[in-house]
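These notes are about the structure you will find just below.
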Amino acid sequence: MLVAAVYSLSRRAAFGFSSGSISTNASAAAFASLASRSRGSDARLASTAAMLQGLRLRPSGLAFLRPGRSGSSSAMRMSTEASGDFDFDYFVIGAGSGGIASARRAATYGAKVAVAEKERLGGTCVNVGCVPKKVMWNAASIAETLHDMHHYGFQHTVDSISFDWAIIKKSRDKYIERLNGIYDRNLENSSVTKVLGTAALGDDANTVVVTDSSGETQTYTAKNILLATGGRPVFPEGEGIKEHSISSDGFFELEHLPTKAVVVGAGYIAVELAGVLQALGTDTKLVVRKESALRSFDEILKTTLDAEMQRQGIEIFRNTDGITKITEKDGLKTVHLKNGETIEDADVVLMAPGREPLVESLNLQGLGVEQKEGGYIKVNDYSETNVDGVFALGDVIGEVELTPTAIAAGRRLADRLFGPEQYKDAKVSYDLVPTVVFSHPPIGTIGLSEDEAVAKYGEDNVKIYRSKFANLYYGPWQVEADDKPKTAMKLICAGEEEMVVGLHVIGMGADEMLQGFGIAMKMGATKADFDSTVAIHPTASEEFVTMFPWGLSKQESGAIQSPLNGAPIPEPGKAK
């Protein structure tokens, strides 16, 4: 772990940190050797990445079309017999992760595919979501390592380390631009036509009208149409709120690290960005409507995070019922809360109360596409709307609004529409989806909370296993045990066989340990299955397979149900 920390320090410049001298008891030769080995590993990884990027699975065939131009190019001709009288077999509106994944999958089956997009490729996740957020989370984690390093013998003065927001912003933006280019090349390699502009459904279920930035329009026809336009942040109503605040999108446009920031919201976006700002040195206030953030999460997660945010110095304004207005004077904002409190002298107010689907330009009403509460498009388990040939997935349907679920849904839809017979009933499952919140510390969660499990199965049929401890990383710290950050874990089991129906963890490394447990739960794992797995020591994740009492649960395995193709989730008492 110490070597990993030293390596992290050696790479910190890429994230905007600079330093003077850092003294340790290790020799200069040892550091040089470590750096040499690190660079060698990076070179090998870079070589491998370059080789993989050079592979092309399909010949190039991307047509860059703008509305108003002639459709007589080879990419616009009928390419398959299945197209019939249509320009395309499949027309995808929205080039986010789900739309592109579905388009490329369809193309592998020989379908003639087009994707329409008016913004940068990659959607929210790549441009103003998961990816740039994780970069900033990494930067904040490095700041935390620097803060902790004296516990491991590293010394520095107040002036020896500084952070330059402009450096990481520039590097992050270049990285995103590179990803945009990779998406472009992937479409090209898959022979998918890209149409630039704002797309909407036409007068019938097989028509798409695309309007470019100059107002010119072009009409295309397609046998199947997918709506995958994603979502956007919302601002609450109130005097000066929209004028004097930014959304999560605006966070990535900031040119400087704020001195004082107010983050309004109780969801994962709010706690993630509040954690980043506080770790990087901003005086951060978090405003929540009720008692705490992440109210729908399991109790062990929200209470542990709440305590940790306060330990880090984030001031939480509770039971505010939201904000009434924001005023500004001399560039500084005052946030007026509905409970009468005010927060003064903030240079940034970040609104993160939620998101809404991007659907107003799609002409849903004109074609009679049904919507549900919040404006989300109503679909069945197969991503089908009520209009034949029109499909929807991703953030516009308001199910599990995560990039991987959109990608999985998009691929399964393409499999069903264009793939072989084995995929005729293919669909994605929105149950038991593992989720990570990149708070500080990170959260991993899958399945039911304790309250949800009791409500579903009854208190007598639910058994809870808990553990809370300080990660070994904090072992050498010469501080009181109560002052060490905690890792908290919970297993929620149901039925006589103690099937694991909920798994929750908050603490260092939670983000990287959850995926494997997600697979086990999708296959119906029981407490006995967990206990039968030999622990990896010393790690935090071993706690999940050694929960007390260990090895005394009913010896019954749940790993007998396939999770493939959207199969129903395992249920206690029904596994066999």
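The values are calculated or read from the model by the stated rules, or taken from the named source; none is laboratory data. Predicted model, so just to flag it, every value in this text is computed and none were measured. All Cβ positions, even for glycine, are placed from backbone atoms using ideal geometry, and neighbour counts span all protein chains on display. Just the protein is used for accessible areas: all its heavy atoms, side chains included, with ligands, DNA and RNA removed. Shrake-Rupley method; radii C 1.70, N 1.55, O 1.52, S 1.80 Å.
Here are a few things to note about the model shown:
Each row is one residue, and each column tells you yes or no for (1) polar (S, T, N, Q); (2) in contact (Cβ under 8 Å) with a residue 40 or more places away in the chain; (3) in contact with a Lys or Arg (Cβ under 7 Å, 6 or more places away or on another chain).
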position: Ala453; (1), (2), (3): no, yes, no
position: Ile464; (1), (2), (3): no, no, yes
position: Ser467; (1), (2), (3): yes, yes, no
position: Val479; (1), (2), (3): no, no, no
position: Lys486; (1), (2), (3): no, yes, yes
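- Checked against (1) over 27 Å from the mean Cα position of the chain (by Cα); (2) open to solvent by 50 Å² or more (accessible area, probe 1.4 Å); (3) among the charged types (D, E, K, R), Glu512 passes all but a single condition, namely (1).
- Checked against the criterion of being over 30 Å from Tyr473 (Cα atoms) and surrounded by fewer than 23 Cβ atoms within 10 Å (Cβ to Cβ), the candidates Lys118, Lys133 yield just one match: Lys118.
- Qualifying positions in the stretch 140-199 - among the acidic types (Asp, Glu) and open to solvent by 40 Å² or more (accessible area, probe 1.4 Å): Glu144, Asp159, Asp164, Asp173, Glu177, Asp184, Glu188
- Within the stretch 521-556, being open to solvent by less than 30 Å² (accessible area, probe 1.4 Å) and among the aliphatic types (A, V, I, L, M) holds for Met521, Ala525, Ala528, Ala540, Val545, Met547.
- Only one of the listed residues (Leu337, Leu280, Leu294, Leu305) is in contact (Cβ under 8 Å) with a residue 40 or more places away in the chain and either more than 30 Å from Phe163 (Cβ to Cβ) or among the charged types (D, E, K, R) (or both). That residue is Leu337.
- Entirely in the stretch 418-491, the strands (runs of 3 or more DSSP E) that have 2 or more residues that are open to solvent by 50 Å² or more (accessible area, probe 1.4 Å): 462-469
- Just one of the listed residues (Gly419, Gly375, Gly394) is small (Gly, Ala, Ser), more than 17 Å from the chain's Cα centre (by Cα) and closer than 26 Å to Lys242 by Cβ, namely Gly375.
- Test: residue in the stretch 104-111 that is at pLDDT 95 or above and within 23 Å of the chain's Cα centre (by Cα): yes
- Listed by position, the strands (runs of 3 or more DSSP E) contained in the stretch 245-357 that have at least 3 residues being under 29 Å from Glu450 (Cβ atoms) and open to solvent by less than 20 Å² (accessible area, probe 1.4 Å) form an empty set.
- Every test in (1) touching a helix residue (DSSP H, G or I) at 6+ places or on another chain (Cβ under 7 Å); (2) among the aliphatic types (A, V, I, L, M); (3) under 21 Å from His244 (Cβ atoms) is passed by Val288 save one, and that test is (1).
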